[in-house]
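Okay, structure first, notes after.
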Amino acid sequence: MKKIVLADDHAIVRTGVRAVLERLGKDMEISAEVSNGKELVAYAKTHPNEIYVVDISMPVMNGIEAVEQMVKHNPQIKVIMLSMYDDRMSVEKSLKAGAKGFIVKVAAADEIIDAIEEICAGRFYLCSKVSKYIVQGFLGKSTSRKRDGTGLTPKEKEVLQLIAEGYSSKQIAKSFNLSLNTIHVHRNNIMKKLGIHKQTELVRFAIKEGIAQL
């Protein structure tokens, strides 16, 4: 019997995941539910052989920080990360933290079953909405030497900083003494490389990466 631990601060999400597992899962049962990262880490230390389905955004301690501590204590622990978002940064940080799987909450219900089966077999699992990043990362390796860990060139980081700080494309062009079209090209390249297509998500990325500050 595969014992599953659900970690999410929203009871409705935990209820939904439980319903999927009870309806579709074979030899699977929910052994515990927790609502924040601190509770999760404490539980995992005494239950190392269970399977953890963890939300990224939780109070007290977020899911990524919690998983890092869990993996530090037990490198073999099996974790599937849940997220509302399918951006590249969330996927990369989750995998670097030690998660073996990543699922977007709007993914098909049976994907969580597939994820559990895959990581129990010693493999990784990425839902269909984010698996594209692995392909993009592989194809981009040959051109990544001039970029840092964010995948952006120094100039693109400078442009992103000003975007996050609320400057318009015209103001950025004037600041760098570049044409407006060049700034548009930089903006499009930034969005393409990061897999981000909304202004608010660009700002969030820049702040999390320390490129810009509130």
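Points to keep in mind about this one:
- Bridgeable aspartates and glutamates around Lys193 (alpha carbons under 17 Å apart, same-chain partners fewer than 8 residues away excluded): Asp86, Asp87, Glu92, Asp148, Glu156, Glu158, Glu201, Glu209.
- Each of Ile207, Ala164, Leu152 was placed along the dipole of the chain (beta-carbon charges, centred on the mean Cα), and the one lying farthest toward the positive end is Leu152.
- Cα→Cβ-extended label distance, 7 Å offset, between Arg23 and Thr200, nm: 2.9
- Rounded to the nearest Hz, the phi-derived 3J(HN,Hα) couplings of segment 82-92 under the Karplus curve 6.51 cos²θ - 1.76 cosθ + 1.60 (θ = phi - 60°) are 10, 8, 6, 10, 10, 6, 4, 4, 5, 5, 5, where x marks glycine and proline.
- Under the Debye formula (equal points on every Cα, no solvent term), log10 I(q)/I(0) of segment 142-208 at q = 0.19, 0.21, 0.26 Å⁻¹: -0.69, -0.85, -1.23
- Calculated [θ] (222 nm, deg cm²/dmol) that DSSP helices of n ≥ 4 give over the chain, each run adding -39,500 (n - 2.57): -15500 deg cm²/dmol
- Among [x] 63, 34, 30; [y] 43, 42, 31; [z] 54, 45, 32, the entry that matches Cα extents along the principal axes in Å as calculated here: [x]
- Computed from the C-beta positions of Glu165 and Lys38 and an R0 of 35 Å, the FRET efficiency is 0.55 to the nearest 0.05.
Here, each number is a calculation from the coordinates, and none is a lab measurement. These numbers come from a predicted model, not from an experiment. Note that each Cβ is placed from the backbone with ideal geometry, even for glycine, and that neighbours are counted across all protein chains shown.
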